[in-house]
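Here's a structure for you.
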Amino acid sequence: MAIFIHESSIIDENVIIGEGSKIWHFCHILSGSVIGKNCSFGQNCMVGKNVIIGNNLKAQNNISIYEGVRICDDVFLGPSVVFTNVINPRSFISRKDSFYPTLIKRGVSIGANATIICGVEIGEYALIGAGSVVTKNVPDFALYVGNPARQIAWVDKAGNRLHFNAENLAYDSYDNTAYRLYNNRIFKV
C-alpha cells in the first residue's frame, strides 16, 4: 500500500514511514523518526526527532510527539493530546540532554486533551480519559481519569470495563481472554 503525504506537510530527511500510512494537512515529521505501517496523523501534528512509532497509530488533530516519546502498536491518540519531555523547562536553560523517556505500550487509548507528563509508562490496553493529566506509571488494562489522573476501573482490549467475579476472574469482551486480578495487577489466565 502506498504512503499518503498531504502536500502541505513537511517530511525531513532520514525519516522512515511504513506502507499504508497517511500524513494529513500541515504536519511536520522531523529527522530520525520512524513511523510504522498503517499509521494516520490528523491535521497539524508534529513528530519530533528520533521518535519511534509502531504500526496502526491513529493520531487525531493537533498532537506533538516530542523526542523521548516511544509509541507501540495499535495506539489511539485523541485530538490535542499533549506530551512533555522535560520535567522543569526554562526558556533560558537548554535541557535537551535531560529528556525523560515516555513509553506508550500496545493498544493504549488516550482521550482528547489529555496531558502525559514525561518519564511515565502507560501499560498495554490502558485507557486514559479525556482531559486527564497522567503524572505516574499506568498499569496494563487500567482506566485512569482526572487531574492528577487516578485509576477508577480496569478495562479489556475493547475498552469496556472488566467485572471480576468472586474468584477475581473477568473475561475480555473482545476475545474472551480470562484475566485474574491479583495484588492490583491483571494477569492473563
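Are there trypsin sites (Lys or Arg not before Pro) in the stretch 1-110 that DSSP puts in a loop and that have at most 13 other Cβ atoms within 10 Å, and which ones?
Numbers: sites: K22, K37, K49, K58, R70, R90, R95, K96, K105, R106; in loops: K37, K49, R95, K105, R106.
Passing both the DSSP loop test and the Cβ count: R95.
In nm, give the distance between the simple-model label positions of A166 and I87, each being 7 Å from the Cα along the Cα-to-Cβ direction.
4.7 nm
Longest exposed-loop-site-free stretch of the chain, with GluC sites (Glu not before Pro), DSSP loop and at most 13 other Cβ within 10 Å? Intermediate values should be presented prior to the final figure.
Details: sites that count: E7, E13, E19, E167.
In short, 20-166.
May I pose another question? Leaving out ligands, DNA and RNA, and with a 1.4 Å probe, what % of the accessible surface on the stretch 86-189 is carbon or sulfur? All intermediate terms of the calculation are to be shown ahead of the outcome.
Details: 2830 of 6020 Å².
Using a 1.4 Å probe with all protein chains present, the stretch 86-189 comes out at 47 percent carbon and sulfur.
For A153 and A112, calculate 0.36 nm times their separation in residues minus their Cα-Cα distance, and state this gained length in nm to one decimal. Present the calculation step by step, with values, prior to reporting the outcome.
Values: separation 41, 0.36 × 41 = 14.76 nm, distance 1.90 nm.
Residue separation times 0.36 nm, minus the Cα-Cα distance, leaves 12.9 nm.
Per residue, how big is the convex hull of the stretch 1-94 when only Cα atoms are used? Give it in Å³.
On the way: hull volume 8.8 nm³, N = 94.
With only Cα atoms used, the stretch 1-94 gives 94 Å³ per residue.
Normalised by the number of residues in the chain, what is the relative contact order in percent for Cα pairs under 8 Å and 6+ residues apart?
On the way: 568 pairs, mean separation 19.0, N = 189.
Rounded, it is 10 percent for the chain.
Counting other Cβ atoms within 10 Å, which chymotrypsin sites (Phe, Trp or Tyr not before Pro) in the stretch 52-149 have at most 10 and lie in a DSSP loop?
Values: sites: Y66, F76, F83, F92, F99, Y125, F141, Y144; in loops: Y66, F92, F99, Y125, F141.
Answer in residue order: F92.
Taking the Cα centre of the chain as origin and charging only Cβ (+1 Lys, Arg; -1 Asp, Glu), how large is the dipole, in debye to the nearest 20? Could the numbers behind the result be given before it?
Details: 17 positive and 15 negative charges, 97 e Å.
With only Lys, Arg, Asp and Glu charged at Cβ, the dipole is about 460 debye.
Could I ask something else about it? Restricting the calculation to Cα positions, tell me the Rg (one decimal) and the Dmax (whole number) of the stretch 71-189 in Å.
Answer for the stretch 71-189, Rg first and Dmax second: 15.6, 57 Å.
Just to verify a number: what accessible area does H6 come out at with the full protein assembly present, 1.4 Å probe, Å² rounded to tens?
Rounded to the nearest 10, that gives 40 Å².
Who wins for biggest fluctuation among P101, P148, P139 in a Gaussian network model of the chain, springs between alpha carbons below 10 Å?
Among P101, P148, P139, the largest GNM mean-square fluctuation belongs to P148.
Regarding the stretch 1-51, what's the average projected area of the Cα-atom convex hull, expressed in nm²? Don't skip to the answer; put the middle values down first.
Working: hull surface 11.3 nm².
So the mean shadow area of the Cα hull is 2.8 nm².
Using a 1.4 angstrom probe, figure out how much accessible area the stretch 84-129 has per residue, in square angstrom, rounded to the nearest whole.
Per-residue accessible area for the stretch 84-129 comes out at 52 Å².
The values are calculated or read from the model by the stated rules, or taken from the named source; none is laboratory data. What you see is a predicted model; the values in this text were computed from it and never measured. Backbone-built Cβ (ideal geometry, glycine too); neighbour counts: all protein chains shown. The protein model used for the area step is the full one, side chains on, heavy atoms only, and it has no ligands, DNA or RNA in it. Shrake-Rupley method; radii C 1.70, N 1.55, O 1.52, S 1.80 Å.
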